[in-house]
Structure formats: structure tokens, C-alpha cells
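> Sharing a structure with you now.
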């Protein structure tokens, strides 16, 4: 599946937030959108998901304008993981993950054995089967985020959209969640993710977009995550360090400078 944004503008009734945005994400690509608060990253996601209308241009999946798609069809194609989620009732983890099957069920249908099997497979894929019968509101923030990812992949989507999936997680859980998302990309799911941290893009991304006061640009991590671009985007000085891991593989890291 190929998601394509074609010269699109996004915003609300009386305010346009983003203009002339164009990019593509294919199956198996990991696309990371970097940018400071308030520049329109979440607005872009809401438009892709059909929560708000596109103000100009179009969004297509495999060449079809998704505004012509029904909500159930769109839900089957795109999985969504929000920044945070706390349900009003103390559901079990399995119940939360089974909510990902709603797009495949009738209005008054209950999950079948096959739906439960798919949900359990998602738990296994992310190595969190031990959470199955636990109460979602009583597990840790990192575990909740993994459950939300499991819920999204239980939809069996071809595209996964994640809005700052590591927000409020400790360092170890950030890396664990990102590596699990990277595995899904390697298995053929297209991934679009927002982040505030350039190192997340270095760790996972095959393609990067930079959204700041100067506009919107798409390229590779090497092309866009530069010391000058990070200063223009976030207003701080950084150093792009080049390191080698234990295998001699070169890696890069974005390090903020205290002064």
C-alpha cells in the first residue's frame, strides 16, 4: 500500500495550519515526522485519519482518494496509536486489544474465536502475552503503549500511524517501543510516526520529514538531521556525533550542547 499526500493543505474552519504538503509512504517504510510543538503534526494526522477535512489537495491510498472511503474501510487500512489513552472503565488488556477488531465486526456483533486468536497473536508479536488478563489501567505507561500498538495491529492494517508513541516513557521503554515498531515496519507495514527526538529517527527511520517555521521538507536522516536544521527547528545548538557500535557499524546521535 502507498499513502500519498498530494499538495495538500490542512487546518480548521477559519484557520489553515499547513499548506502545500506532499510526501509518500510505502509498505515497509518507516517515516518519522520531526518538528516542535504547535506546527501542525497532529492536525496532519487527524486529516489522514478522516477526523477533519482536507482544505486543499488530496490524500490517496494506492491511488484512491480516501475521502471517498467509508469509515470502516479506512479503519481496516490504517491503524492509529495516540499519545496516551486511559479508558473510563477498567477493561482487561485483552479487551482493549480486541477493540482493534471493531472495524471488522457488525454493529452488534461480538468478537469471534478468530478475533480473539488475532488479538492473542498481537500480544505474542510484541512479547506482552503476560499482560493478557491484567487490568489496563493498572499496568505501567510503557506497557500501556505496547498494548495500544497491539490494539492497532489487531486491526490488521497496512499502514500504522503513531502520534508521539514514546511520550511520557522512560528511556528504556522508549527504545523498546521503537524497536518493536521497527520490527512491524520490517515485516511490511508502512509506519508514520511523530517524534520530538532526532535520535528516534536515527534509530528507526528510512525516511524523515522536518516541519518547522521554514516549511516542510522530506529526505533521509543524513540529509535533514543536521546541526543547522536542528538549531532552526528547536532553537538549540546540537552536535551530530558519529560513533561505532560493538560490531563496527557506524551510528549517529544528536547531542544537545549545554552552552
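Read-outs throughout are calculated quantities, based only on the coordinates presented, and are distinct from any laboratory measurement. Note that the structure is predicted; figures quoted are calculated from it, not measured. Glycine also receives a Cβ, built like all others from the backbone with ideal geometry; neighbour counts cover every protein chain displayed.
> Using DSSP, restrict attention to beta bridges with both residues in the range 2-256 and report what percent are antiparallel, rounded to the nearest 5.
On the way: 29 of 47 bridges.
The antiparallel proportion sits near 60 percent.
> Summing -39500 (n - 2.57) over the DSSP H runs of n ≥ 4 in the chain and dividing by its residue number, what mean residue ellipticity at 222 nm do you reach, to the nearest 500 deg cm²/dmol?
Numbers: 9 runs with 83 residues, N = 259.
That calculation yields -9000 deg cm²/dmol at 222 nm.
> Same structure again: Grab the beta carbon distance between residue 231 and residue 53, set R0 = 30 Å, and tell me the FRET efficiency rounded to 0.05.
Numbers: r = 35 Å, r/R0 = 1.17.
Approximately 0.30, to the nearest 0.05.
> Related question: Can you bin the range 1-90 into rounded, prolate or oblate? Criterion: square roots of the alpha carbon gyration tensor eigenvalues sorted a ≥ b ≥ c, rounded for a/c under 1.5, prolate for a/b above b/c, oblate for the rest.
Values: a/c = 1.37, a/b = 1.11, b/c = 1.24.
Because its axes are fairly even, with a/c under 1.5, the range 1-90 counts as rounded.
> Shifting gears a bit: Using the alpha-carbon centroid of each, what span in Å lies between the range 34-75 and the range 120-175?
23
> Checking the a/c ratio against 1.5 first, then a/b against b/c, what shape does the Cα gyration tensor give for the range 210-252?
Details: a/c = 4.67, a/b = 1.95, b/c = 2.40.
Oblate, because a/c is 1.5 or more while a/b does not exceed b/c.
> Continuing with the same structure: For the pair residue 217 and residue 133, what calculated FRET efficiency results from E = 1/(1 + (r/R0)^6), where r is the Cβ-Cβ distance and R0 = 45 Å, to the nearest 0.05?
Details: r = 46 Å, r/R0 = 1.03.
According to the calculation, E is roughly 0.45.
> Turning to a different aspect of this structure: Looking at the chain as a GNM with Cα springs under 10 Å, which of 83, 155, 145 has the largest mean-square fluctuation?
Checking each option, the largest mean-square fluctuation is seen for 83.
> Estimate the FRET efficiency between residue 73 and residue 253 by the formula 1/(1 + (r/R0)^6), using the beta-carbon distance for r and 45 Å for R0, to the nearest 0.05. Intermediate values should be presented prior to the final figure.
Values: r = 41 Å, r/R0 = 0.92.
Efficiency at R0 = 45 Å is approximately 0.65.
> What is the extension gain from residue 24 to residue 170, computed as 0.36 nm multiplied by their sequence separation minus the C-alpha to C-alpha distance, in nm to one decimal? Walk me through the intermediate numbers first.
Numbers: separation 146, 0.36 × 146 = 52.56 nm, distance 3.13 nm.
49.4 nm is the gain from fully extending residue 24 to residue 170.
> Right, another one. Would you please classify the overall shape of the range 88-141 from the alpha carbon gyration tensor, given that a ≥ b ≥ c denote the square roots of the eigenvalues, rounded means a/c under 1.5, and beyond that prolate means a/b larger than b/c while oblate covers the rest? Kindly include the intermediate steps, with their values, before the conclusion.
Values: a/c = 2.53, a/b = 1.37, b/c = 1.85.
Oblate, because a/c is 1.5 or more while a/b does not exceed b/c.
> Run the numbers on the range 2-256 and let me know its relative contact order in percent, using alpha-carbon pairs under 8 Å that are six or more apart. Please report the intermediate quantities before stating the final value.
Values: 463 pairs, mean separation 61.4, N = 255.
24 percent.
> Further question: Using Cα springs under 10 Å in a Gaussian network model of the chain, which residue among 150, 103, 201 shows the largest mean-square fluctuation?
103
> Right, here's the next one. I want to verify a result. In a Gaussian network model of the chain, Cα cutoff 10 Å, which of these has the top mean-square fluctuation: 14, 132, 68?
14
> Related question: Which percent of Cα-Cα pairs in the chain sits in each 10 Å bin, short to long?
7, 29, 35, 22, 7, 1, 0
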